[in-house]
Structures are given as structure tokens and as C-alpha cells.
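Visitor: There's a structure below that I have some questions on.
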Amino acid sequence: MVKLYCPKCMDVYTPKSSRHHHTDGAYFGTGFPHMLFMVHPEYRPKRPANQFVPRLYGFKIHPMAYQLQLQAASNFKSPVKTI
């Protein structure tokens, strides 16, 4: 199966699209992106100067908010459906 390489993140991803599920990942080989950027370093994207900061209505979201959401979701019990 195909895996996608993101040069900006320097990470490997599995594509969500179903059209990639039947493509052989060895078509280019696993070293292709690395060889491409060694031969053509001008194609390598520059690292962003500032990192993305999640905001809601202009206010920064505190990291603790994500933990509180996870706790609330784990405590939530869905109602039992009766027929």
C-alpha cells in the first residue's frame, strides 16, 4: 500500500483516499523522496518560521482544554436505544 511523505513535516502518512489502497508502494521505492531532495535541494520546502497556534474567535486554545474534552467524552454515557 502507498504511503505519502510530507517533506515539510518530514513524516510518512497513510492516505485516506481509497484509490491509493490498491497501488503498490514499491513503484518508486522507499528512498525516492530522500534521493529527490538530495539531487534537487531547491525543491525541499523551507521550515515555517512560526508554528500554527490553534485559535477560537481569536483566542488561543489552552492545552488543558483538550484534556478536559477527552475526560468529558470518556465520562459521557450514550443512552441505551430501545426498540
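Visitor: Excluding Cys9 itself, calculate the net charge of residues whose Cβ lies under 15 Å from the Cβ of Cys9, where each Lys or Arg counts +1 and each Asp or Glu counts -1.
Guide: +4
Visitor: Whose amide H sits under 5 Å from the amide H of Tyr5, counting only residues 5 or more places off or on another chain, with H placed in the peptide plane?
Guide: Sorted by chain and number, the residues that satisfy this are Tyr13.
Visitor: Roughly how many percent of the accessible protein surface of segment 4-43 is carbon and sulfur, given a 1.4 Å probe and a whole-percent answer?
Guide: 63 percent
The values are calculated or read from the model by the stated rules, or taken from the named source; none is laboratory data. Model, not experiment: these values are computed from the prediction. Quick reminder, even Gly has a Cβ in these numbers, built from the backbone with ideal geometry, and neighbours come from all protein chains shown. All accessible areas refer to the heavy atoms of the entire protein, side chains included, with ligands and DNA or RNA removed. Shrake-Rupley method; radii C 1.70, N 1.55, O 1.52, S 1.80 Å.
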